[in-house]
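The values are calculated or read from the model by the stated rules, or taken from the named source; none is laboratory data. Values in this document were obtained by computation on a predicted structure and should not be read as measured data. Glycine also receives a Cβ, built like all others from the backbone with ideal geometry; neighbour counts cover every protein chain displayed. Just the protein is used for accessible areas: all its heavy atoms, side chains included, with ligands, DNA and RNA removed. Shrake-Rupley method; radii C 1.70, N 1.55, O 1.52, S 1.80 Å.
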Amino acid sequence: GLWIADRGTTVFWDMTAGFTTQLVAWMLAPFAGAPVVRPAPHQIGTLYFSVNIYAPCSGWQGILLITTLFAGYLWWFRRMLRFPQAWLLFPVGILLIYLANAVRITALILVGIWISPQIAVDGFHSQAGWVAFLVVGLGIVWTASRMPFFLAAGASDHGLPTATPAGAAVAADPAVER
């Protein structure tokens with residue numbers, strides 16, 4: 001199992017490394033001047049602070065986490081969600097968590113430049129990943145549970161089933177004896 005996850009990370013990184021590096025360079029440019037990019041080792045930053053982006057930082061773990069979160073959400077709330085529309089949450093979540101990972105790497109470099117390299121590498125690096133996962137995952141769940149496009153008929157815009165007052169249900173059912 002661990003070998004498969006490690007191999008999946010490497011394959012994903014091989015496919016996305018160049019694009020991720022260029023995306024980070026594009027986001028970094030307005031804040032740090034001309035970024036220094038060394039594509040072969042996937043090193044990016046400035047003359048004062050740079051990072052090497054390795055396969056484990058590729059965003060693969062975030063994609064697995066977001067996919068797992070949405071699989072649980074779709075299963076748990078399957079009666080409230082409209083299918084097949086709800087399946088769109090997967091590509092939206094994967095795209096947003098991938099972009100959030102690029103923002104995380106960019107922010108890591110900016111923290112290293114402007115605040116402290118030690119804080120960037122020792123604290124911000126992993127904590128920002130969890131924050132990104134929570135913001136993207138819970139943000140999409142919250143948004144989807146309020147969008148009629150994703151809600152089944154009878155579900156309210158607050159993600160809860162619409163309720164009929166008990167008295168109205170009894171009065172509407174002629175089989176109920178009084």
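When residue 20 is tested against (1) closer than 17 Å to residue 64 by Cβ; (2) open to solvent by 40 Å² or more (accessible area, probe 1.4 Å); (3) at pLDDT 80 or above, just one condition goes unmet, and that condition is (2).
Conditions (1) at pLDDT below 85; (2) outside any helix (DSSP H, G or I); (3) surrounded by 17 or more Cβ atoms within 10 Å (Cβ to Cβ), marked per residue:
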site	(1), (2), (3)
15	yes, no, no
24	no, no, yes
30	no, no, no
34	yes, yes, no
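Screening residue 60 on (1) within 16 Å of the chain's Cα centre (by Cα); (2) of a type in the set (A, V, I, L, M, F, W, C); (3) within 30 Å of residue 153 (Cα to Cα) shows it passes everything except condition (3).
The residue that is most open to solvent (accessible area, probe 1.4 Å), among those in segment 36-69 that are part of a loop (DSSP other than H, G, I, E, B) and on the phi > 0 side of the Ramachandran plot, is 42.
Please verify whether segment 129-146 includes one or more residues that are in contact with a helix residue (DSSP H, G or I) (Cβ under 8 Å, 6 or more places away or on another chain), farther than 24 Å from residue 58 by Cβ, at pLDDT 90 or above and open to solvent by 60 Å² or more (accessible area, probe 1.4 Å). Within segment 129-146, none of the residues are in contact with a helix residue (DSSP H, G or I) (Cβ under 8 Å, 6 or more places away or on another chain), farther than 24 Å from residue 58 by Cβ, at pLDDT 90 or above and open to solvent by 60 Å² or more (accessible area, probe 1.4 Å).
Scanning segment 79-90 for residues that are open to solvent by 60 Å² or more (accessible area, probe 1.4 Å) and among the aromatic types (Phe, Trp, Tyr), we see that the one that is farthest from residue 152 (Cα to Cα) is 87. Among the residues of segment 40-74, which ones are touching a residue at least 24 places away in the same chain (Cβ under 8 Å) and β-branched (Val, Ile, Thr)? Residues satisfying the conditions are 44, 46, 51, 53, 63, 66, 67.
Going by what's in this entry, would residue 102 be described as within 17 Å of residue 31 (Cα to Cα), in a helix (DSSP H, G or I) and touching a Leu at 6+ places or on another chain (Cβ under 6 Å)? For residue 102, the condition - within 17 Å of residue 31 (Cα to Cα), in a helix (DSSP H, G or I) and touching a Leu at 6+ places or on another chain (Cβ under 6 Å) - is met. Loosely packed, with under 15 Cβ neighbours inside 10 Å, part of a helix (DSSP H, G or I) and of a type outside the set (A, V, I, L, M, F, W, C): which single residue out of 112, 93, 72 fits that description? Criteria check complete, one pass: 72.
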